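Before any comments, here is the structure.
The values are calculated or read from the model by the stated rules, or taken from the named source; none is laboratory data. If you're wondering where the values come from, they're calculated on a predicted model, not measured in any experiment. Glycine gets a Cβ as well: all are built from the backbone with ideal geometry, and neighbour counts include every protein chain shown. Areas reflect the complete protein model, heavy atoms only, side chains present, ligands, DNA and RNA absent. Shrake-Rupley method; radii C 1.70, N 1.55, O 1.52, S 1.80 Å.
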Amino acid sequence: MRIAFIGDIVGSPGRDMLKSYLPKLKKEHGIDFVIANYENVSHGFGLTAKNANEVVSYGVDCMSGGNHSWDKKEVEALFATHEILRPHNYPEEVSGTGCKIYDVAGERLGVLNLMGHFAMPYTDNAFRCAKESVEALHADGVKNIFIDFHAEATSEKRAMMMLLMGRVSAIIGTHTHVGTDDFQIVNSTAYLTDIGLTGCRDNVIGMDEKVPLKQFLTGMRGHFDIPKKCKKIMQIAILDISKGRCESAFKLKIFDDDTIIKTDAWIES
Ligand code: FE2
């Protein structure tokens, strides 16, 4: 199967990039299934029903979340009607689930959403949850497993890779909005510390720079806003997975002037 993953889609600039590029990318690259992180889709904070339907209409099959999953309360109802996950290591009394299984190109694919600990809300242990969830998927005969690990700390993301390499197909990080250049395949597991945002690229993590700058200069907090006009980027990983193994993968950085930068994941021997 050939799957694609898009990280944090930030506000209408991110949705615009999906609309402009995702349908043709799916055709050009023969993509069977698209996973995308929704937690910043609606003006940077959470996901509305209207925007969920919009993102699905552009070709997203499954959406993963993070610390902003519940910023728009209507997401609670969407858990029952849409293919929407929230980090699996929230306690079980919290609504939604962070693990689902799909039929893709004649094989089964498990999608697991986890959230890290540094500078994040209190949750159950992400690493124990990961280990137990992967063991349960394997026991159920699911070999192809994709993980969106939503975390601030690069060390937590790297440690998750060390814990699970050889046992899952891919671990790709989200949340920081800044892409890292360490896309690799180790023991048949694809790994990227953070894929980076899809949205505005010429400000502060997709948000207008005025409020963050004031906050850093004065210590006074404010409400982050999406710029009305900006330069945009879409960042997408495309992975070939079969029988649990990631065989090849690459990342595309697509700029709104149609410039595309392709980076292949290197294969560690
Ligand atoms: Fe986040």
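Can you give the local net charge around Lys72? Use residues other than it whose beta-carbon is closer than 11 angstrom to its beta-carbon, Lys and Arg +1, Asp and Glu -1.
Counting the neighbours of Lys72, the net charge comes to -2.
Mind checking the dipole of the chain: about its Cα centre, +1 per Lys or Arg Cβ, -1 per Asp or Glu Cβ, Debye to the nearest 20?
It comes to approximately 400 debye.
Exceeding 25 Å between C-alpha atoms, which entries from my cross-link table qualify? They are Lys210/Lys232; Lys72/Lys157; Lys19/Lys50.
Among Lys210/Lys232; Lys72/Lys157; Lys19/Lys50, the Cα-Cα distance tops 25 Å for Lys72/Lys157.
Please check the chain for the longest run free of GluC sites (Glu not before Pro) that are loop-located per DSSP (anything but H, G, I, E, B) and have at most 16 other Cβ atoms within 10 Å.
The longest such stretch corresponds to 94-208.
Just for segment 60-180, what percent of DSSP beta bridges are antiparallel, to the closest 5?
Among the beta bridges of segment 60-180, antiparallel pairing accounts for roughly 30 percent.
At Lys262 and Val178, where each label point lies 7 Å from the Cα along Cα→Cβ, what is the point-to-point distance in nanometres?
About 2.8 nm separates the two model spin labels.
Excluding residues fewer than 8 places away in the same chain, name every one of the aspartates and glutamates whose C-alpha is closer than 17 Å to that of Lys131.
Hits, sequence-local ones excluded: Glu92, Asp140, Asp148, Glu156.
Where nothing but the Cβ of Lys and Arg (+1) and of Asp and Glu (-1) is charged, how large is the charge dipole of segment 125-252 around its Cα centre, in debye to the nearest 20?
Here the size comes out at about 260 debye.
Which Cα, out of Gly199, Thr263, Ala249, lies furthest along the positive dipole direction of segment 139-269 (beta carbon charges, K/R +1, D/E -1)?
So the residue we want is Gly199.
Give me the percent of the accessible area of the chain that comes from carbon and sulfur atoms, probe 1.4 Å, all protein chains in place.
Details: 6200 of 11820 Å².
With neighbouring chains kept in place, the figure for the chain is 52 percent.
Classify segment 71-110 from the C-alpha gyration tensor, please: rounded if a/c falls under 1.5, else prolate or oblate depending on whether a/b exceeds b/c.
oblate
With the other protein chains left in place, how much accessible area per residue, in square angstrom, belongs to the chain at a 1.4 angstrom probe?
Per residue, the chain has an accessible area of 44 Å².
Estimate the FRET efficiency between Thr81 and Lys19 by the formula 1/(1 + (r/R0)^6), using the beta-carbon distance for r and 22 Å for R0, to the nearest 0.05.
Once the sixth-power term is evaluated, E becomes 0.50.
Round to the nearest 0.05 the FRET efficiency obtained for Thr97 and His29 when R0 = 22 Å and r is the Cβ-Cβ distance.
Once rounded, the FRET efficiency stands at 0.15.
Under a 5 Å amide H to amide H cut-off, with H placed in plane at 1.01 Å, what residues pair with Val204 once short-range neighbours are removed?
The list, which skips near neighbours in sequence, is Glu209.
Whole angstrom only: what separates the Cα centroid of segment 202-265 from the Cα centroid of segment 160-184?
With segment 202-265 and segment 160-184 each reduced to a Cα centre, they are spaced 16 Å.
Quick check on segment 1-137: what are the equivalent-ellipsoid semi-axes from the Cα gyration tensor, as sqrt(5λ), descending, whole Å? Walk me through the numbers on the way to the answer.
Values: eigenvalues 111, 76, 31 Å².
Value: 24, 19, 12 Å, ordered largest first.
Where does the chain land at 222 nm, in deg cm²/dmol rounded to the nearest 500, when only DSSP H runs of n ≥ 4 count, each adding -39500 (n - 2.57), divided by all residues?
-8000 deg cm²/dmol
Is segment 114-196 best put as rounded, prolate or oblate by its Cα gyration tensor, with a ≥ b ≥ c the root eigenvalues, rounded for a/c under 1.5, and otherwise prolate when a/b is larger than b/c, oblate when not?
oblate
Which shape class applies to the chain: rounded if a/c is under 1.5, otherwise prolate when a/b exceeds b/c and oblate if not, where a ≥ b ≥ c are the square roots of the Cα gyration tensor eigenvalues?
rounded
With charges only on Cβ, +1 for K and R and -1 for D and E, what is the dipole size of segment 1-142 about its Cα centre, in debye, rounded to 20?
440
Among Val186, Ser155, Thr176, whose Cα sits farthest toward the positive end of the charge dipole of segment 138-195 (+1 at Cβ of Lys/Arg, -1 at Cβ of Asp/Glu, about the Cα centre)?
Val186
Select from Tyr38, Pro91, Leu109 the residue farthest towards the positive end of the dipole of segment 5-145; place +1 on Cβ of Lys and Arg, -1 on Cβ of Asp and Glu, and compute about the Cα centre.
Tyr38
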